[in-house]
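A.B. asks: Here it is: the structure, laid out below.
What follows is calculated from the coordinates using simple rules that are stated; it is not laboratory data. Small disclaimer: the values here were computed from a predicted structure and weren't measured. Virtual Cβ from ideal backbone geometry, glycine too; neighbours counted across all protein chains shown.
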Amino acid sequence: MYWDKEIETIDRPALEALQHKRLKTTLQQARKSLHYDRIFKEVGMDPDAVKTVEDLEKLPMTTKEDLRDHWPYGFLAASRDDLVRMHSSSGTTGQTTIVFHTANDIDQWASIVARSMYMTGMRKSDVFQNMMTYGLFTGGLGFHYGAERIGALTIPAGAGNSKRQIQLMRDFETTTIHIIPSYALHLTHVFEELAVDPRRDTKLKRAFIGAEPHSEKMRKKLEDFYGFKSFNSYGLSEMCGPGVAFECPAQNGLHIWEDHFLVEMIDPQTLKPVPDGEEGELVLTTLVRDGMPILRYRTKDLTRIIPGPCECGRTHRRIERIKGRTDDMMIIKGVNIFPIQIERKLMGIPGVGNNFLIVLERVDFTDLMTVKVEVQREYFMGDLRQLEALRRRIVEELKSDILITPKVDLVEPDSLPVSEGKAKRVLDNRKD
Ligand SMILES: [Zn+2]
């Protein structure tokens, strides 16, 4: 059941000793980059003299802006001859950032992706269809290398081309897929259109879903339709890509691989640490990377550490599914709202379809929020009072959670734009 039992069930003191040793190596390596050499001098830190992990707190945190400001080689800590690959962030918000990898970095990355997949039960007898964008985005090649490391037949299907995806699944008896949740939901339409029932007509048994925040209700909806078990995947290109944290069969939080990453949880406003159990922003330090070590990186992802041991026996701490990025937070009439709150409510209402879009406007200095929701086609036929009743119900349910009253527009299935990559949930038309 373990890919690497010794490391996955390592006791805390041994894990901390390992982290400390790796941190020292990481700091020495980081000093070879222009950026960290300057930072170490500024704060008067000698990487060789670092005694404890706590010493790290003397260092300022690294932000996405730092990475951008040092484009393209300011964080590079290895010789350019030793690099074998580059990736970039998907550029969800603003300009992209670049990360370089040596052969060893790629090897380390593949090992934690393989560890993660193996944890969910995937074996070499499985057939893995990777429905993520290949290229600079890490979701394609990251999973690809992990699956090959396990020895599973890997189909690099890439994103999109829905009918062909279904054909591949059927012809090659795919058991495991990697897919973006909003796209998985969209694909249910295509299955229905082709009269293919994934439970009856495919061999699917597990899915890895990630790259965008999604709710537990969304997971249940996907599991019900496809008949697979779905596992949450978390990663970011600055740390490597997928494989940073992954759900185990207990499906209750994601084990963050602490032999590869040093975890801090902070209050995003005060930057002070928050205790296990409390929500904060995840801050990560790479522990095994040569090409481009990154220290105390502010991920902008909001989550919390789930206290206590996991029933699966792994000792690496768990993070809760990502609530959202600090960047995703909408402030409407002074209330903080995350798109995932809207999703969670919508997915629990019968009649609601597979897609929605939040539109923000400012009229006469007042914020207006409109939620456009796709609903099942039958609501647009015959008695329109049913449609109005559904609309009112959605308004009430949303209001109960987000505390403001949104305008709700109901639209026909497939009328909102579908993305093959990360779903765009918010259209902010407010002008300051
Ligand atoms: Zn577990």
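A.B. asks: In the stretch 67-140, which trypsin sites (Lys or Arg not before Pro) are in a loop and have at most 12 other Cβ atoms within 10 Å, using DSSP for the loop call?
C.D. replies: Here the sparse-neighbourhood loop sites are 123, 124.
A.B. asks: Mind checking the log10 I(q)/I(0) for the stretch 1-40 at q = 0.17, 0.22 Å⁻¹? Debye, one equal scatterer per Cα, no solvent, two decimals.
C.D. replies: Those come out to -0.59, -0.71, one per q.
A.B. asks: Restricting things to alpha carbons, find the Rg to Rh ratio for the chain using the Kirkwood radius for Rh.
C.D. replies: Across the chain, the Cα-based Rg/Rh ratio is 0.98.
A.B. asks: For the stretch 230-338, which GluC sites (Glu not before Pro) are in a loop by DSSP, counting at most 10 other Cβ atoms within 10 Å?
C.D. replies: 311
A.B. asks: Quick one, can you get me the convex hull of the C-alpha atoms of the stretch 273-432 expressed as volume per residue in Å³?
C.D. replies: Cα convex hull per residue, to the nearest whole number: 191 Å³.
A.B. asks: Using a Förster distance of 22 angstrom, determine the FRET efficiency expected from the C-beta separation of residue 359 and residue 336, and round it to 0.05.
C.D. replies: 0.75
A.B. asks: Does the stretch 345-432 come out rounded, prolate or oblate by the C-alpha gyration tensor, with a ≥ b ≥ c the root eigenvalues, rounded set by a/c under 1.5 and, if not, prolate when a/b is larger than b/c and oblate if not?
C.D. replies: oblate
A.B. asks: What's log10 of I(q)/I(0) for the stretch 112-164 at q = 0.16 Å⁻¹, Debye sum over Cα points only, no solvent?
C.D. replies: Treating every Cα as an identical point scatterer, log10 I(q)/I(0) equals -0.43.
A.B. asks: Label the stretch 372-416 by shape, choosing from rounded, prolate and oblate, from the square roots a ≥ b ≥ c of the eigenvalues of the Cα gyration tensor; if a/c is under 1.5 it is rounded, and otherwise prolate applies when a/b is larger than b/c, oblate when it is not.
C.D. replies: In terms of gyration-tensor shape, oblate.
A.B. asks: Give the residue list of chymotrypsin sites (Phe, Trp or Tyr not before Pro) in the stretch 299-408 that are DSSP loop and have at most 14 other beta-carbon atoms within 10 angstrom.
C.D. replies: Listed in order of number, the matching sites are 365.
A.B. asks: If you don't mind, another one. Using unit Cβ charges (K, R positive; D, E negative) and no other charged atoms, how large, in debye to the nearest 20, is the dipole of the stretch 1-326 about its Cα centre?
C.D. replies: Computed charge dipole of the stretch 1-326: roughly 540 debye.
A.B. asks: Check cross-link reach from residue 333 to the lysines: straight Cα distance under 16 Å, and skip same-chain residues fewer than eight apart.
C.D. replies: By straight Cα distance, residue 333 reaches 399, 407, 431.
A.B. asks: Would you pull out the residues with amide H under 5 Å of residue 62's amide H, same chain only if 5 or more places away, H placed 1.01 Å from N?
C.D. replies: 297, 298
A.B. asks: Fully extended, how many nm does the chain gain between residue 69 and residue 34 (0.36 nm per residue separation, minus their Cα-Cα distance)?
C.D. replies: Full-extension gain reported as 11.4 nm.
A.B. asks: Next question. Taking the alpha-carbon centroid of each part, what is the distance from the stretch 229-302 to the stretch 113-181 in angstrom?
C.D. replies: 23
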